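Here is the structure we will look at.
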Number of protein chains: 2
Amino acid sequence: MPDYVLTPIGVLRSPLTRRADAPRQGREGAPDAWLEVAELFAAGLAGLAVGDVLIVITWLHQAQRDTLQTHPRNDQTAPLAGIFATRSPDRPNPLGLHRVTVREIEGRRLKVGPIEAIDGTPIVDIKPALAGE
Amino acid sequence: MPDYVLTPIGVLRSPLTRRADAPRQGREGAPDAWLEVAELFAAGLAGLAVGDVLIVITWLHQAQRDTLQTHPRNDQTAPLAGIFATRSPDRPNPLGLHRVTVREIEGRRLKVGPIEAIDGTPIVDIKPALAGE
């Protein structure tokens, strides 16, 4: 099968700078952070508003892509699980899904949260969350 | 910024064969379909079970990637919206998110649904859905 190439549309600016410091999920105490969308893609933000609930898709750039099984939540006493049965960032295509609320908008910068991804994480897509998603 | 390369982990086998026939969202009458995961990634499925609720991430291979604004739901009377304020498949990185339930498992084939993506759509990730997602 062919490969597919993602173009980052922006980057995350977060107070979290190390993977070891990041909560495992946004709802586990993650901070707010800024999505800085590149000028080239800024027209795609039209219509977004404070209070919107979004799904942000990131490229988890520090992930290991050759992992197929892992101990969930890095608990070595837990049985190994297939990576597709976990939310581990270490997976063949290291895409992160983050359900966030828009807190502020300044031009092509959106403050969102909570989000557990670290500073410098590339953003590859932004979508409105559907009800129940 | 650099580009990032996705490797398909499998392919969708669906009775839907044309984009024009596909519902806009799974919950709008979409059928069940089979995820056929490649042998190379089959170990990643360990632990998945019938009844699990998953987020399937697809590569919407028929999408147009140069679209930044669109009329939501292809309604030409609706005002133009930024692509990141819509779920249109036409977007810079044409990733589809599909919340599905596992109906059957046969080795490395998973029957899931409802899912509105068309036959032959590449699958790039599978994750367990979090509560409220």
#### Entry: Choice from A:Asp75, A:Asp90, A:Asp119 with maximal GNM fluctuation in chain A (Cα, 10 Å cutoff)
A:Asp75
### Message
Treating the point 7 Å from Cα along Cα-beta-carbon as the label, what are the nm separations from B:Gly107 to the other copies, to one decimal?
### Response
5.6
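For chain A, what mean projected area does the convex hull of the alpha carbons give, in nm²? Intermediate results must be reported in sequence, preceding the final value.
Values: hull surface 37.0 nm².
Projected over every direction and averaged, the Cα hull of chain A covers 9.3 nm².
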## Note on the structure
The alpha-carbon center of region B:18-64 and that of region B:85-133 are separated, in whole Å, by 4
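What whole-number volume per residue, in cubic angstrom, does the convex hull of the C-alpha atoms of region A:7-81 give? List each step's numbers first, then the result.
Values: hull volume 10.5 nm³, N = 75.
It comes to 140 Å³ per residue, whole-number rounded.
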### Query
So which lysines can A:Lys111 reach, going by Cα to Cα under 19 Å and dropping same-chain residues fewer than 8 places off?
A:Lys127
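Would you mind ranking B:Asp52, B:Asp21, B:Asp125 so that the residue whose beta carbon has the fewest other beta carbons within 10 Å leads the list?
Numbers: B:Asp52 17, B:Asp21 10, B:Asp125 26.
By the 10 Å Cβ count, ascending: B:Asp21, B:Asp52, B:Asp125.
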### Teacher prompt: B:Leu130 distances to equivalent labels in other copies, 7 Å Cα→Cβ, nm
1.9
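Once R0 is set to 41 Å, what does the formula 1/(1 + (r/R0)^6) return for the Cβ-Cβ distance between B:Gln62 and A:Gln76, expressed as a FRET efficiency to the nearest 0.05? Write out the running numbers ahead of the final one.
On the way: r = 44 Å, r/R0 = 1.06.
Given R0 = 41 Å and the Cβ-Cβ separation, E is 0.40.
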### Message
Which one, B:Gly47, B:Gly82, B:Gly113, has the greatest fluctuation when you compute a Gaussian network model over chain B with C-alpha springs under 10 angstrom?
### Response
B:Gly47
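Taking the Cα centre of the protein assembly as shown as origin, work out the dipole magnitude from +1 charges on Lys and Arg Cβ and -1 charges on Asp and Glu Cβ, in debye rounded to 20.
Values: 30 positive and 32 negative charges, 48 e Å.
My answer is approximately 220 debye.
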### Query
Once you charge only the Cβ atoms, +1 for Lys and Arg and -1 for Asp and Glu, what is the size of the charge dipole of chain A about its Cα centre, to the nearest 20 debye?
160
### Query
When N counts the residues of the protein assembly as shown, how does its alpha-carbon radius of gyration compare numerically with 2.2 N^0.38 Å, as a ratio?
0.96
### Relative contact order (%) - chain B, alpha-carbon pairs under 8 angstrom, separation at least six
40
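Only the coordinates and a few stated rules stand behind these numbers; no lab work does. This is a predicted model, so every value here is computed, not measured. Positions of Cβ are generated from backbone atoms using ideal geometry, with glycine treated the same way; all protein chains shown enter the neighbour counts.
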